[in-house]
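Peer 1: Please see the structure below; I have some questions.
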Amino acid sequence: MSSVIEMIEGLGRSVLSALARLGLAGRFFLAIMMVIGVPLRRFSLLVRELYFSGVRSILIIVVSGMFVGMVLAIQGYEVLQRFGSSETLGVLVALSLVRELGPVVTALLFAGRAGSAVTAEIGLMQATDQIAAMDMMAVNPIARIISPRFLASVVSMPLLACMFSAAGVFGAYLVGVKLIGIDDGSFWSQMQAGVDFRLDIVNGLIKSLVFGVAVGLIAVFEGYYAPPTAEGVSSATTRTVVTSSLAVLMLDFVLTVWMFRGLNG
Amino acid sequence: MPDVKPAQTHPDALIEIKDVHFAYDERPILRGLSLNVRKGEVLAVMGGSGSGKTTLLGLIGGRILPNKGKIMVDGQNVPKLDRSALYALRTRFGMLFQFGALFTDLSVYDNVAFPYREQTNLPESVIRDLVLLKLQAVGLRGAAGLMPSQLSGGMARRVALARAVALDPMLMLYDEPFTGLDPISTGIVGRLIRRLNDAFGLTSLVVTHDLDASLKIADRVIVLAEGKVYRDLTPEDVRTTSDAFVRQFADGLPDGPVPFHYPAPPLVDQLLGKSSAGEIAP
Ligand SMILES: Nc1ncnc2c1ncn2[C@@H]1O[C@H](COP(=O)(O)OP(=O)(O)O)[C@@H](O)[C@H]1O
Ligand SMILES: [Mg+2]
């Protein structure tokens with residue numbers, strides 16, 4: 001009897017603390033938004049973070065995109081040829097990449113590659129009093145440290161997703177056209193005819209932008225509020241990857257439902 | 001029988017702290033602390049680990065807010081200031097953090113240049129001269145190109161000191177400036193604190209548990225205990241007093257008014273299994 005009550009109490013406590021953390025993250029987001037103009041005015045702050053988060057992620061994004069595209073080509077060809085429509089492989093691959101895999105896999109990779117690094121960096125700055133020192137020098141750390149890193153994530157994500165999709169299409173071209181021998185012309189022309197700018201490309205970019213906001217916010221939030229110890233920073237880094245991944249997959253579902261509403265009605 | 005004098009309003013006080021209470025969650029750290037810091041003096045704040053010394057600096061700098069009480073710095077009540085007024089006041093503070101808190105992604109030069117670049121519109125050529133002068137003052141002009149990871153603890157502390165005095169502050173706050181330094185570095189940093197204070201007409205608050213080092217440089221020593229100013233002494237008093245608490249501190253005795261043992265049931269009881277087993281880890 002008492003153990004049941006304890007269980008319910010424990011459940012209530014963890015729900016409350018999760019809500020409190022969500023509220024804290026919301027306030028933190030507003031605080032970032034108040035000073036988001038700073039990295040836009042002082043462009044060098046943003047450029048540095050774009051380099052560390054974005055440019056340094058390009059290699060892993062392009063290589064992963066290539067492999068995903070090559071696998072899609074093999075899998076897609078196998079199914080399509082059963083229906084005698086293997087020349088539509090280009091459309092299938094392009095749509096899968098632009099609508100789904102590009103934004104989602106890019107966000108997952110970005111969380112692991114750049115998000116975790118941002119959390120660790122900010123957590124260490126917090127643990128070694130660098131953020132406190134900046135605050136005591138009358139320089140707002142949210143403006144100077146947090147907002148450029150957040151903005152860099154928002155800006156990088158769609159660009160990286162484009163690169164991922166482009167590399168994927170190229171990988172599919174290599175496997176589908178060069179290796180399997182699908183007709184070159186129909187691969188590209190079907191793709192061109194089958195991909196809609198507004199419905200597919202813009203929607204994919206919107207997803208990337210939302211993922212950029214989510215991953216960026218989670219990464220800076222976890223770093224800023226990491227306990228100032230070795231374990232604190234390391235578990236915050238792990239939480240960034242786990243929470244970002246979950247958030248990306250859930251947001252993807254919500255956005256997909258919203259984007260394709262009314263398609264069957 | 002703590003004999004704290006009631007805080008009076010001194011016309012020459014740069015900092016006036018009155019009856020400040022502060023608690024982390026439910027745990028009280030400061031309980032009615034009152035303190036005046038006079039213009040131009042070097043005040044050493046002593047006290048054991050966890051006695052609230054860093055907390056006191058955080059309150060003076062406005063990084064944390066007291067539950068109760070007044071903290072006047074240069075005529076302004078710090079906890080009541082809004083962000084821009086607080087930042088305006090802080091540009092006149094210099095703070096040296098426990099381990100320097102240098103920005104690890106910036107070189108020594110860029111660390112010292114940071115306050116000028118952020119707070120002034122000076123051209124780079126002027127900033128360059130100022131930075132070199134400040135580094136010269138702490139004897140590290142030759143280290144301008146190094147990164148913080150390449151510095152020893154003492155050098156890092158001196159660079160942080162150069163950065164802290166960059167904007168010619170009125171008040172210097174030092175958090176444990178001697179911790180982890182060898183005797184030579186301790187002497188260097190101590191003399192720098194005194195020399196900067198006198199040369200630039202600053203007021204300095206030096207939080208430390210290094211009694212020897214602080215006696216050499218301080219005009220006045222206060223001891224924090226039980227969340228209050230427990231003693232207010234001159235360095236001469238500290239050497240001669242017979243007060244048990246100060247003697248324990250001054251002579252480094254393991255046991256005295258500050259107990260060596262963390263509170264525990266009697267050892268014999270616990271060994272014989274008479275006290276509850278839950279009090280020790282299995
Ligand atoms: N952010 C915090 N949250 C909870 N307790 C804290 C925090 N910071 C310090 N404390 C506790 O407050 C007490 C006083 O801390 P501090 O002022 O840092 O002591 P000192 O600098 O004299 O060693 C310590 O017992 C410490 O554990
Ligand atoms: Mg301390």
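Peer 1: Could you tell me whether the range A:35-264 comes out rounded, prolate or oblate from its Cα gyration tensor? Rule is a ≥ b ≥ c as square roots of the eigenvalues, rounded for a/c under 1.5, then prolate if a/b exceeds b/c, otherwise oblate.
Peer 2: prolate
Peer 1: Rank B:GLU118, B:GLU41, B:GLU236 by mean-square fluctuation in a GNM of chain B with C-alpha springs under 10 angstrom and give only the top-ranked residue.
Peer 2: Answer for the Gaussian network model of chain B: B:GLU118.
Peer 1: Work out the charge dipole of chain B with +1 on the Cβ of Lys and Arg and -1 on the Cβ of Asp and Glu about the Cα centre, then indicate which of B:VAL189, B:THR104, B:LEU135 is farthest towards its positive end.
Peer 2: It is B:LEU135, whose Cα lies furthest towards the positive end.
Peer 1: Another question, then. Compare A:VAL98, A:VAL169, A:VAL38 in a GNM of chain A, Cα atoms joined below 10 Å, and give the one with the largest fluctuation.
Peer 2: Per the Cα network of chain A with a 10 Å cutoff, A:VAL38 tops the list.
Peer 1: About the Cα centre, and with charges only on the beta carbon of Lys, Arg (+1) and Asp, Glu (-1), how big is the dipole of chain B? Nearest 20 debye, please.
Peer 2: 580 debye
Peer 1: For the range A:128-248, state the semi-axes of the equivalent ellipsoid (square roots of 5 times the eigenvalues of the alpha-carbon gyration tensor), sorted largest first and rounded to whole angstrom.
Peer 2: For the range A:128-248, the semi-axes come out at 42, 16, 12 Å.
Peer 1: Still on this structure: Find the accessible area per residue for the protein assembly as shown; the probe is 1.4 Å, ligands and nucleic acids are left out, and the unit is Å².
Peer 2: Here the per-residue accessible area is 49 Å².
Peer 1: Compute the helix-to-body angle for B:153-164: its Cα long axis versus the longest principal axis of chain B, expressed 0 to 90° and rounded to tens.
Peer 2: Here the helix axis deviates by roughly 60 degrees.
Peer 1: By what distance, in whole Å, do the Cα atoms of the protein assembly as shown stretch along each of the three principal axes, largest value first?
Peer 2: 101, 75, 40 Å, listed from the longest principal axis down.
Peer 1: Can you give me the % of accessible surface on the protein assembly as shown that is carbon or sulfur? Probe 1.4 Å, all protein chains present, nothing else counted.
Peer 2: 64 percent
Peer 1: Roughly what angle does helix A:184-194 make with the longest principal axis of chain A, taking Cα atoms, 0 to 90 degrees, to the nearest 10?
Peer 2: For A:184-194 against chain A, the angle is about 60 degrees.
Peer 1: Inside 10 Å of the C-beta atoms of B:97-108, what's the mean count of C-beta atoms belonging to other chains?
Peer 2: The shielding value for this peptide is 4.
Peer 1: By per-residue mean of other Cβ atoms within 10 Å, what is the highest-first order of A:6-14, B:216-224, A:244-252?
Peer 2: Output ranking for A:6-14, B:216-224, A:244-252: B:216-224, A:244-252, A:6-14.
Peer 1: For B:LYS134, go through the lysines and keep the ones whose alpha-carbon is under 16 Å away, minus same-chain ones fewer than eight residues off.
Peer 2: Excluding near neighbours in sequence, the set is empty.
Peer 1: Which value, in debye to the nearest 20, gives the size of the charge dipole of the range A:35-264 about its Cα centre, when Lys and Arg are +1 and Asp and Glu are -1 at the Cβ?
Peer 2: 380 debye
Peer 1: Do the sum for the protein assembly as shown: with -39,500 (n - 2.57) for every DSSP H run of n ≥ 4, divided by all residues, what is the mean residue ellipticity at 222 nm, to the nearest 500 deg cm²/dmol?
Peer 2: The helix contribution divided over the protein assembly as shown gives -17000 deg cm²/dmol.
Peer 1: Greater than 19 Å separation of Cα atoms is the criterion. Which listed pairs, B:LYS53/B:LYS228; B:LYS18/B:LYS68; B:LYS39/B:LYS228; B:LYS70/B:LYS228, meet it?
Peer 2: B:LYS39/B:LYS228
Peer 1: Tell me, in nm to one decimal, what length is gained between A:ILE206 and A:ARG41 on full extension, where the rule is 0.36 nm per residue of separation less the Cα-Cα distance?
Peer 2: Fully extending the segment from A:ILE206 to A:ARG41 adds 56.9 nm.
Peer 1: Hey, got the Cα dimensions of chain B along the principal axes, in Å, largest first?
Peer 2: 74, 44, 39
Peer 1: To continue, here is another question. Separation of the range A:57-79 and the range B:35-49 by C-alpha centroid, Å?
Peer 2: Taking the Cα centre of the range B:35-49 as reference, the centre of the range A:57-79 is 66 Å away.
Peer 1: Quick one: divide the alpha-carbon radius of gyration of the range B:41-129 by 2.2 N^0.38 Å and tell me what you get.
Peer 2: 1.32
The values are calculated or read from the model by the stated rules, or taken from the named source; none is laboratory data. Everything quoted here is computed from the prediction, not taken from an experiment. Cβ coordinates were reconstructed from backbone atoms using ideal geometry, including for glycine residues, and neighbour counts include every protein chain displayed. Note: areas computed on protein heavy atoms with side chains; ligands, DNA, RNA excluded. Shrake-Rupley method; radii C 1.70, N 1.55, O 1.52, S 1.80 Å.
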